[in-house]
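Here the structure is laid out as structure tokens; the discussion comes afterwards.
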Amino acid sequence: MLICALVIFLSTNVFAVSSNSIAPSLNLSSFELSHLKENVSFPRPEGLKPNVNFWLDVYTKYHDNEAVIHDSRNLDIRYEVVDLNFVLGTKASWRTKNRFLEKRRKHFARILKKLSRRAGKCKTAEECGVAALFGPDATSKRFKKASRSVRTQFGLADRFRRGIEVSGIYIEKMRNIFTSYGLPLELLVLPHVESSFNVKAYSKYGAAGIWQFTRSTGRRFMKINYSIDERRDPIISTHAAAKLLKRNFKDLKSWPLAITAYNHGRRGMMRAKKKQGDDIVQIVEKYKSRTFGFASRNFYAEFIAALMIMEDPVRYFGYLEYKEPISYEEVKLDHFLPVGVFAKHFDYDKAEIAALNPALRPSIWKGTRRIPKGYKLKVPYGTAQKFETIYSKLPSNMRFKGQVRPDWYSVKRGDSLSVIARRFRTSVAALHDHNDIDSRNTIYAGQKLRIPNGKNQKAKRKMTVARKGKTAQRVDVKKNIPAMKKDVGTQPKIVMASLDKKRDKKPSEENVMELTVSSVTFFSVPVEAPPLSMFEFGEADNEYGVLYVQPEETLGHYSHWAGISTMELRRFNGWTRRTRIHLGQSIMVPLHNVTKKRFESLRYEYQLSIFEDFFAAYSVDRVETVSVRKGQSLWTLSNEDYDVPLWLVRLYNQGRPLENLIPGQEIRIPIVKTRDS
């Protein structure tokens, strides 16, 4: 028999009621205790008290094996706290746990619908317990609304505790950084909210590192490419977070709004402020926006809860064992450096250098890219001088002037890895590393393999370099695109984001690599990377190319890859500053500063990095075929109904029309899970 705790709120105290016992939980009337000195910059309004109490319990009381089923609008209402280890056993799979919780969520939704139909009258003890949570004055409308707001939240106490201990590695340097920017040190609790100080944290929607920067926001402050992702470096990303928070506060004049903007976006919060004013409670309760969902509404409350915990962490967790502060020196590289030199010439373990340099992407450690010239390599403290001495004496064949630029080869019938390796004077091991192939995998005819070091000379296609320095002219789009497909759909709209002037420059030859299709075979469901053909121009000549907008792409990306400014790209398409682009839309890109091949390689490199980063953190557990209901769009299906990134849904539905969905149309939806689950 299942024993689940029904949580009922009485006054300001919380009690967990089960069939065996009644145990009081944390008494959170300490919300305004005098020993918690409230900073006027970070108010703790009474209207957010239920939300703060909820997150205090999630962060300190409920553990990883526990889940709270609750109302998403009124966090005082918690229907059930489930101990999954007790109910399902410690060996239950991720899928079993989630299926069970989904059944319980739907169970309470059905109870609420019954109460709505009966105007709150209950027939069973369980129904009466649920009805009591809403008080005697609850209406049928209130119960019906609640039936659509039942949500599940896993406990985070174990992660939060680990995060506090891990923060010891970085917190001293982070304090110094925020002090140098003149920012309140209270803001340093945000990584507890965002990632629990997990350096490897990566969200389904592409946010990375302890500060959880998205690619679009991160590129404003950091380097993000196929070799380097500075979002993953806790120190570099702390500088970026300081700049972003300072800008948010400058524009919004309020720390509650500036902090919420860290999640919802600065422009989004400026719109919220325009409609509701400066009061964070009014914004949380009344502001309506498709993107202002549960996470944005609760972000400031989570911050306050984390701040209260960090004001007295021993009170909540007892003894804590903080990690030792990080200690290193930096050496600036004046050549491109392959990771193989660490084992051959330096007394360093590659894993040790990788831990000190989390900004270097897997492509570096697999040998498909070299550590870039100009990169400040972190080495163990006290070894920088020795490194520089050895580095200066490296043989010329280990000091490269350019980046690795592999080509690709199409596997033919009768080929084997050893045959291909001999043909291109490389090794089977190198083919394994460059193509994510292990000894259990076989290759197949038509498969694209990445060949290291550009040795596939025969596979290279001759490309005509467009004339440089030609000034783009304003073009009538309708007259100048031959055989162009019609624009499809308007959901979702992508806000155009211009890169800063330093990034709006011609991409160098060394930053271009020829990329290939790889197959991810070590997950529950094998997943093939998107083919290069998905990101090639639909029409192209020496003057311009026509592309079709893909997820995660903006005008800023296109202008950067083309080596022109966003303003020039707008003029070329006859657009104004306010013109927005949308998925499937055709765009003309001038090719006078870049070749067709180079642009397509940079574009594919960007999309492949999204694919590889995602599948380093998540796997596809199964694929479901769903029938589209009236009112559903591709955006609502991916973001609201199934919580999977838009690009992944499109990858699983290649060749299917997705922009204008019709009721009854079948769509394949990948169901994902975290790797550590």
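The values are calculated or read from the model by the stated rules, or taken from the named source; none is laboratory data. A quick note: this is a predicted structure, and the numbers were derived from the prediction, not measured. For neighbour counting, all protein chains shown are included, and Cβ atoms are generated from backbone atoms with ideal geometry for every residue, glycine included. In case anyone asks, the SASA skips ligands and DNA or RNA and just uses the protein heavy atoms, side chains included. Shrake-Rupley method; radii C 1.70, N 1.55, O 1.52, S 1.80 Å.
Kirkwood hydrodynamic radius computed over the range 99-189 comes to 16.8 Å, based on all pairs of distinct alpha carbons. Label reach from Ser392 (point 7 Å along Cα→C-beta): in the range 319-339, amide nitrogens under 16 Å belong to 331-335. By a 1.4 Å probe calculation restricted to protein chains, Trp561 has an accessible surface near 10 Å², given to the nearest 10.
Just the ratio, please: alpha-carbon radius of gyration of the range 262-395 over 2.2 N^0.38 Å, N its number of residues.
On the way: Rg = 23.5 Å, N = 134, 2.2 N^0.38 = 14.1 Å.
Dividing the Cα Rg of the range 262-395 by 2.2 N^0.38 Å gives 1.66.
Rounded to the nearest 0.05, the FRET efficiency derived from the C-beta distance between His107 and His63 at R0 = 22 Å is 0.45.
Convex hull volume of the Cα atoms in the range 340-427, per residue, in Å³? Write down the numbers at each step before the final one.
Numbers: hull volume 11.3 nm³, N = 88.
Hull volume normalised by residue count: 128 Å³.
Would you mind checking the pairs Lys630/Lys673; Lys275/Lys673; Lys144/Lys288; Lys173/Lys673; Lys144/Lys630; Lys49/Lys114 and listing those with alpha carbons more than 26 angstrom apart? From the list (Lys630/Lys673; Lys275/Lys673; Lys144/Lys288; Lys173/Lys673; Lys144/Lys630; Lys49/Lys114), the Cα-Cα distance tops 26 Å for Lys630/Lys673; Lys275/Lys673; Lys173/Lys673; Lys49/Lys114.
Approximating the spin labels as points 7 Å out from Cα along Cα→Cβ, the Glu321-to-Thr636 distance works out to 5.1 nm. When the surface is traced with a 1.4 Å probe over the full set of protein chains, Met567 keeps roughly 60 Å² accessible.
Placing His70, His560 in order of accessible area, with the largest value first and a 1.4 Å probe, yields His560, His70.
Would you compute the Debye intensity of the range 193-232 from its alpha-carbon atoms alone, equal scatterers and no solvent, and pass along log10 I(q)/I(0) at q = 0.26, 0.27 Å⁻¹ to two decimals? Log-scaled intensity ratios, in q order: -0.83, -0.88. Convex hull volume of the C-alpha atoms in the range 57-109, normalised per residue: 82 Å³.
Students sometimes get this wrong: rank Arg578, Arg675 by accessible area, probe 1.4 Å, all chains present, largest first.
Numbers: Arg578 215, Arg675 115 Å².
If we order Arg578, Arg675 from most to least accessible, we get Arg578, Arg675.
For the range 585-627, the alpha-carbon radius of gyration amounts to 1.76 times the rule-of-thumb value 2.2 N^0.38 Å expected for a compact globular protein. Can you pull the Kirkwood radius for the range 114-157, inverse mean 1/r over Cα pairs, to one decimal in Å? Hydrodynamic radius (Kirkwood, Cα pairs) of the range 114-157 is 11.3 Å.
Based on a Kirkwood Rh over C-alpha pairs, give the Stokes-Einstein translational diffusion coefficient of the range 580-662 at 25 °C and viscosity 0.890 mPa s in µm²/s. Intermediate results must be reported in sequence, preceding the final value.
Numbers: Rh = 15.4 Å.
Estimated diffusion coefficient is 160 µm²/s.
For the range 201-310, the alpha-carbon radius of gyration amounts to 1.09 times the rule-of-thumb value 2.2 N^0.38 Å expected for a compact globular protein. Applying both filters, DSSP loop and at most 10 other Cβ atoms within 10 Å, to the GluC sites (Glu not before Pro) of the range 279-347 gives Glu321. What does the charge count around Phe342 come to, taking other residues whose C-beta lies under 11 Å from its C-beta (Lys +1, Arg +1, Asp -1, Glu -1)? That works out to -1. Summarising the label geometry, the points placed 7 Å from Cα in the beta-carbon direction at Cys122 and Phe86 lie 2.0 nm from one another. Ordered by solvent-accessible area of protein heavy atoms (1.4 Å probe), largest first, the residues Phe317, Phe86, Phe299 come out as Phe86, Phe317, Phe299.
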